[in-house]
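Take a look at the structure below.
The values are calculated or read from the model by the stated rules, or taken from the named source; none is laboratory data. Predicted model, so just to flag it, every value in this text is computed and none were measured. Cβ placement follows ideal geometry from the backbone for every residue including glycine, while neighbour counts extend to all protein chains displayed. Ligands, DNA and RNA are excluded from the accessible area calculation, which covers all protein heavy atoms including side chains. Shrake-Rupley method; radii C 1.70, N 1.55, O 1.52, S 1.80 Å.
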Amino acid sequence: TPVTASDQRYRSPAITLPAAGNGLFLIFQSRQQMEPNGAAGCYDGGFIEVSVNGGAYTQITSGLLTDPYNGPLASGNPAAPALAWCGDPQAYLRSVIDLAPYAGQSVRFRFRVTSDASVARAEGWNIDDVEVRR
């Protein structure tokens, strides 16, 4: 993460999900070196958002089946108080998110990482093996 407050985003292409959404998941691997705030949450962190049918992006906060967020982003972070993942460092983890609420709709996913203006971490958030599948 940079030494200034930052808000970076990576967006997927539009994906039309099948109408039968049960058993449909967004799955990805990620590792992180983003500054935690102890038990209080994160100074720097990453989270995932969704746009449905071309609408505004909103944070996905439910259906995180394998890796819940670590806590809220602290004041001074541009996305505070959004929930986020953070770790310093955290090894690769497999995240599985239930997509049933979005069945039959066109969606875009956005991976967003934000940071405050202090304690830069060299690595940030690495995301790999992103897939939508049953």
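How about the stretch 56-70: which of its residues are under 12 Å from the mean Cα position of the chain (by Cα) and either over 26 Å from Asn22 (Cβ atoms) or aliphatic (A, V, I, L, M) (or both)?
Hits for the stretch 56-70 are Ile60, Leu64, Asn70.
Is it the case that Leu73 is out of contact with any helix residue (DSSP H, G or I) (no Cβ under 7 Å at 6 or more places or on another chain) and hydrophobic (A, V, I, L, M, F, W, C)?
Taking the combined requirement at face value, the residue satisfies it.
So which pairs qualify, if the first residue must be in the stretch 66-78 and within 21 Å of Arg94 (Cα to Cα), the second must be among the acidic types (Asp, Glu) and open to solvent by 50 Å² or more (accessible area, probe 1.4 Å), the Cβ gap must be under 8 Å, and the two must be at least 6 apart or on different chains?
From residues that are within 21 Å of Arg94 (Cα to Cα), there are no pairs.
Filter the stretch 34-52 down to residues that are more than 20 Å from Asp98 (Cα to Cα) and in contact with a Ser or Thr (Cβ under 8 Å, 6 or more places away or on another chain) and give me whichever is surrounded by the fewest Cβ atoms within 10 Å (Cβ to Cβ).
In this case the residue turns out to be Glu35.
If you go through the stretch 36-52, how many residues are farther than 14 Å from Val113 by Cβ and part of a loop (DSSP other than H, G, I, E, B)?
Here the count works out to 3.
Show the residue pairs that are 6+ apart or on different chains and have beta-carbon atoms under 9 Å apart, the first residue being within the stretch 13-35 and of a type in the set (D, E, K, R) and part of a strand (DSSP E or B), the second being open to solvent by 10 Å² or more (accessible area, probe 1.4 Å) and modelled with pLDDT of 90 or more.
From the stretch 13-35, the pairs are Arg31/Tyr92; Arg31/Leu93; Arg31/Trp125; Arg31/Asn126; Arg31/Ile127; Arg31/Asp128.
Among the strands (runs of 3 or more DSSP E) lying completely within the stretch 53-134, list those that include at least 3 residues that are open to solvent by 30 Å² or more (accessible area, probe 1.4 Å) and among the acidic types (Asp, Glu).
Ranges flagged: 124-133.
Please verify whether the stretch 7-20 includes one or more residues that are surrounded by fewer than 17 Cβ atoms within 10 Å (Cβ to Cβ), under 14 Å from the mean Cα position of the chain (by Cα) and of a type in the set (Asp, Glu).
Yes, the stretch 7-20 contains at least one residue that is surrounded by fewer than 17 Cβ atoms within 10 Å (Cβ to Cβ), under 14 Å from the mean Cα position of the chain (by Cα) and of a type in the set (Asp, Glu).
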